[in-house]
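> One structure follows; several queries about it will come next.
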Amino acid sequence: MHKIYTHSTLTSLATLGVSCALLSLPAIAAERLDAVEVLPERGIQTDDVYSQPKSFTNNSQTFQREDFQALPINNAYEMLDYATGAFIQTQGRKSPYFASIRAGSNLGIIIDGAYLPPPAASKVLMQLPVTAIESMTIVRDASALNLGPLTSIIGPMTSSRTEGFVVIKTLSATHKPKTELHARLANFGQAGANATGALQLNENLYARAVLGTERKDGPAGYENGYQQTAGLWKLEGIHEKFDWQINFFHADGSRELQRGLDTSGVSDARWEYDPLQIRMINSQAGFYWDEHNTTAVRFSYSESDADLQKKSYQNPAADSEEATRERFSNLDISHAWKQAGNTLRLGYNFMFYHNPTGMLYYPGYERKEHIHSVYLQDEYRHDNFSVDFGFRNDRRHIDKGYEQIGTQKKIIEDVALDDLLTAALGATYNPTPADLLSFRSLYTEQQPIGVYSQNSAQLPKEKRLRGELGWSHVWHQLFRTTLTAFIENLDDGAYVSGQIVDPQDPASYINIYDADSWQNRGLELEIKGRQGAYGYELGLSRVDPEETPSGVVNVPENLVRARLYYQTAKWQFNLGIRSMSEYLSANKAGTGMAGDFVSYDASIGHTFKISGNRHQINLFAKNLSDEKYETVYGFPSEGTNIGVDYRVQF
């Protein structure tokens with residue numbers, strides 16, 4: 001890990017210089033900013049514009065800014081790994097992170113109202129500074145129909161069933177901290193610094209900037225180091241009849257992709273993204289015509305430019321470069337009517353994706369496609385019950401693409417897929433003030449495309465029916481429980497029925513798909529409580545995919561997430577626990593067992609004040625047991641990571 005750090009020192013100094021300059025900005029308007037430390041009653045960040053029905057309460061989980069700071073979290077994926085039912089895989093091929101939930105294969109990622117396609121989402125989430133994140137909400141249900149499509153805009157529809165959404169809000173310019181500096185040092189050559197500053201420009205206009213730089217060498221032999229510099233700039237306007245927000249995010253750096261063991265099938269590969277650049281601009285606005293009518297507009301545009309350096313340890317003559325140029329646009333317009341406890345929302349969504357250089361596993365073949373969507377969502381709330389329903393139609397069109405079935409290849413041009421139809425129904429009931437019962441149901445139809453099948457035939461249309469029941473109860477402030485149970489029936493669902501030798505690479509294998517009917521079902525239990533300075537959170541989830549036609553369990557059946565904490569004004573202690581049962585994992589060489597581990601993270605912090613400014617120092621350790629567990633067969637974890645965080649707020 002040498003070449004990618006040649007400019008890291010200059011980058012770090014430049015970033016810290018700008019960070020220090022930010023310190024003087026908020027001081028100019030400190031008194032005025034103190035008056036708007038909390039969310040306004042209206043605004044882009046409020047539930048007025050992008051609310052979800054009450055029936056999502058029992059299957060949603062939110063991490064606040066304080067949660068990101070309590071544990072040793074480097075990026076949004078590491079926080080997501082503490083969400084109930086979330087399954088995060090880290091490995092060393094073309095994307096370092098994969099996230100799914102409830103045995104599904106795709107999570108819709110939304111940042112400040114901007115929906116991101118999977119390849120770009122992974123690049124943004126691993127480079128977005130944690131300092132920039134205000135909250136992250138995980139919706140363990142795909143029936144939030146106003147958030148995004150029920151399938152990924154790119155890739156095989158079969159392998160892209162959306163099972164939920166991750167909604168990230170970046171730190172508002174109207175919120176504390178006005179200014180914060182943060183630095184981190186850890187083993188494996190990790191060092192980073194970031195800063196945020198906010199100010200009020202006039203009565204209605206606010207601004208914030210977040211800048212950060214970070215580098216890491218990684219353990220010897222892992223070849224998973226990185227360096228990155230990122231910035232987020234935000235403008236917000238709060239007016240009498242409308243609010244708006246504009247964000248610009250830019251990240252630049254390079255990242256090595258972890259070297260696998262011999263069992264991975266790619267131990268000879270020495271790959272890295274250099275350069276790795278992300279640019280994203282998004283805007284959103286809410287127009288409040290009167291007390292009954294609200295119109296919301298969201299627009300985003302993102303670019304991802306990355307050159308994958310594909311090198312070999314054994315055969316330098318085989319070195320090559322693979323360029324990826326992704327462009328994605330998203331427009332969403334919706335209007336909500338509120339009247340006598342009822343909220344009706346109608347919306348239109350347009351997405352356009354273009355990659356002239358080819359995507360992921362189809363390099364060199366241009367990919368261009370778009371989706372037109374319409375959706376409707378209606379909810380009625382009464383004193384102790386609510387009822388809601390929704391409908392969404394996603395019309396996906398592949399302008400240009402590439403498909404390979406078995407040994408047959410063909411270019412796809414101007415292909416309109418069958419409409420993806422989705423209907424959802426939900427309800428809640430409060431039998432007592434301490435109880436909330438919930439129900440949700442979802443039905444979708446979609447046509448698989450772009451997958452290998454045994455006889456090179458098009459797979460039939462897949463139909464999915466999902467139901468969920470939830471119950472939350474407050475027994476005591478020390479004991480609050482939420483239990484959800486879900487079941488999913490797939491008719492003509494696509495599944496991996498076997499593997500064949502890759503016709504382009506005889507040393508590798510590719511998945512073969514077939515269609516059949518089966519069920520997925522599961523349970524989730526969340527328990528939490530707090531008494532004074534002491535508290536705990538526990539999330540248990542189990543999925544039962546044993547009726548899958550292949551008989552293969554390719555996701556862990558059991559996941560455990562827990563956190564114990566002690567928090568006072570001066571001292572903080574946190575212990576995080578993550579556990580995963582064993583499951584069958586596939587890689588380039590074939591299949592093997594992964595999971596079957598328990599990992600512990602811990603931090604101890606002290607908070608104090610100097611000259612009225614809040615200082616905090618945290619000592620942390622990740623993976624205390626130093627276990628080299630695998631979430632993808634052939635790619636072990638790093639082992640124990642020890643470091644220190646220092647944070648000061650002005």
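Laboratory data are not the source of any read-out in this text; all were calculated from the coordinates shown. Treat the numbers as computed from the prediction; the structure is a model and nothing was measured. Note: ideal-geometry Cβ built from the backbone for every residue, glycine included; neighbour counts use all protein chains shown.
> Could you tally the net charge around TYR536, taking each other residue with its Cβ under 12 Å from the Cβ of TYR536, Lys/Arg +1 and Asp/Glu -1? Don't skip to the end; give the middle numbers.
Details: positive: ARG480, LYS528, ARG530, ARG561, ARG563; negative: GLU526, GLU537.
Neighbour charge sum, excluding TYR536 itself: +3.
> Could you compute the net charge surrounding GLU526? Neighbours are other residues with a C-beta less than 12 Å from the C-beta of GLU526; K and R count +1, D and E count -1.
Numbers: positive: ARG140, ARG480, LYS528, ARG561, ARG563; negative: GLU524, GLU537.
Net local charge, GLU526 excluded: +3.
> How many angstrom lie between the Cα centre of the range 342-399 and the Cα centre of the range 66-139?
20
> Just need the relative contact order of the range 263-312 here, percent rounded to a whole number, with Cα pairs under 8 Å and 6+ apart. Please report the intermediate quantities before stating the final value.
Values: 70 pairs, mean separation 24.8, N = 50.
Relative contact order here is 50 percent.
> Here are some pairs, LYS178/LYS528; LYS241/LYS338; LYS311/LYS588; LYS123/LYS216; which of them have Cα atoms lying more than 20 Å apart in this structure?
Numbers: LYS178/LYS528 31 Å; LYS241/LYS338 16 Å; LYS311/LYS588 17 Å; LYS123/LYS216 16 Å.
Cα-Cα > 20 Å for LYS178/LYS528; rest within.
> Starting from the Cα of LYS400, draw a straight line to each of the lysines and keep only those under 23 Å, dropping any in the same chain fewer than 8 residues away.
Those lysines meeting the cut-off are LYS94, LYS368, LYS409, LYS410, LYS461.
> Work through the residues other than ASN623 whose Cβ is under 14 Å from its Cβ and net out their charges, Lys, Arg +1 and Asp, Glu -1.
Details: positive: ARG578, LYS622, LYS628; negative: GLU78, ASP81, ASP601, ASP626, GLU627, GLU630, GLU638.
Counting the neighbours of ASN623, the net charge comes to -4.
> Full extension from LEU525 to THR62: what is 0.36 nm times the residue separation minus their Cα-Cα distance, to one decimal in nm?
Length difference between fully extended and current span is 165.1 nm.
> Under a 5 Å amide H to amide H cut-off, with H placed in plane at 1.01 Å, what residues pair with TYR402 once short-range neighbours are removed?
ILE412
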